[in-house]
1. When you check G140 against the structure, is it small (G, A, S), modelled with pLDDT under 85 and surrounded by fewer than 18 Cβ atoms within 10 Å (Cβ to Cβ), yes or no?
2. Take the residues in segment 17-26 that are in a helix (DSSP H, G or I) and over 14 Å from G93 (Cα atoms), then tell me which one is modelled with the lowest pLDDT.
Amino acid sequence: MDPAALKESWTRVCAAGGDAVALYFYSHLALREPAIRDMFPLGMAGQRDKFVNALGTIVASVDQVDRLGDFLARLGSEHVEFGAKPEHYPPVGSSLIATLAHFEGAAWTPELATNWAEAYQAISAVMLEAAESSGTDRPGTWR
């Protein structure tokens, strides 16, 4: 994984506007996995902001993974409270990669795809571990 490449990529993607990026991501995810759509609130503006902010935080510290541990663990635990299950992570990752590829356009390369896939794998592993150890098993609600 090349942290510098991820940061440069995220900067280019964000140039399209965070709301457009999040809207594309959630639309792609809902079309690909309609059952997941019911997990989200009807009004998605706040959720779109949270998505872009969380991803920005992760990318900003991707080269300092030790600083991300607590943040990712908290995200993993919170997502259990929202009803996220381990089987939701692969489609989320696929929709994230599709979103990044869409906004990168001609700048999207196989190497960049690999970098993002490796980053998502590492991020989701920490989140899943925290989710499993959270002991939370209740119906999800979004704040």
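The values are calculated or read from the model by the stated rules, or taken from the named source; none is laboratory data. Source: prediction; values computed, not measured. Here the Cβ positions follow ideal geometry from the backbone for every residue, glycine too, while neighbour counts run over all protein chains shown.
1. Working: small (G, A, S): yes; modelled with pLDDT under 85: yes; surrounded by fewer than 18 Cβ atoms within 10 Å (Cβ to Cβ): yes.
For G140, the condition - small (G, A, S), modelled with pLDDT under 85 and surrounded by fewer than 18 Cβ atoms within 10 Å (Cβ to Cβ) - is met.
2. Filtering segment 17-26 down to residues in a helix (DSSP H, G or I) leaves 18-26.
Now drop any that are not over 14 Å from G93 (Cα atoms), which leaves 18-21, 23.
Numbers: G18: 72, D19: 79, A20: 89, V21: 91, L23: 87.
If we take residues in segment 17-26 being in a helix (DSSP H, G or I) and over 14 Å from G93 (Cα atoms), then G18 is modelled with the lowest pLDDT.
Condition check ((1) under 18 Å from E33 (Cα atoms); (2) modelled with pLDDT under 95; (3) surrounded by 16 or more Cβ atoms within 10 Å (Cβ to Cβ); (4) in contact with a helix residue (DSSP H, G or I) (Cβ under 6 Å, 6 or more places away or on another chain)) across all residues:
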{"residue": "L55", "(1), (2), (3), (4)": "no, yes, yes, no"}
{"residue": "R67", "(1), (2), (3), (4)": "no, yes, no, no"}
{"residue": "A73", "(1), (2), (3), (4)": "no, yes, yes, yes"}
{"residue": "G76", "(1), (2), (3), (4)": "no, yes, yes, yes"}
{"residue": "K85", "(1), (2), (3), (4)": "yes, yes, no, no"}
{"residue": "V92", "(1), (2), (3), (4)": "yes, yes, yes, no"}
{"residue": "T114", "(1), (2), (3), (4)": "no, no, no, no"}
{"residue": "E129", "(1), (2), (3), (4)": "no, yes, no, no"}
{"residue": "T136", "(1), (2), (3), (4)": "no, yes, no, yes"}
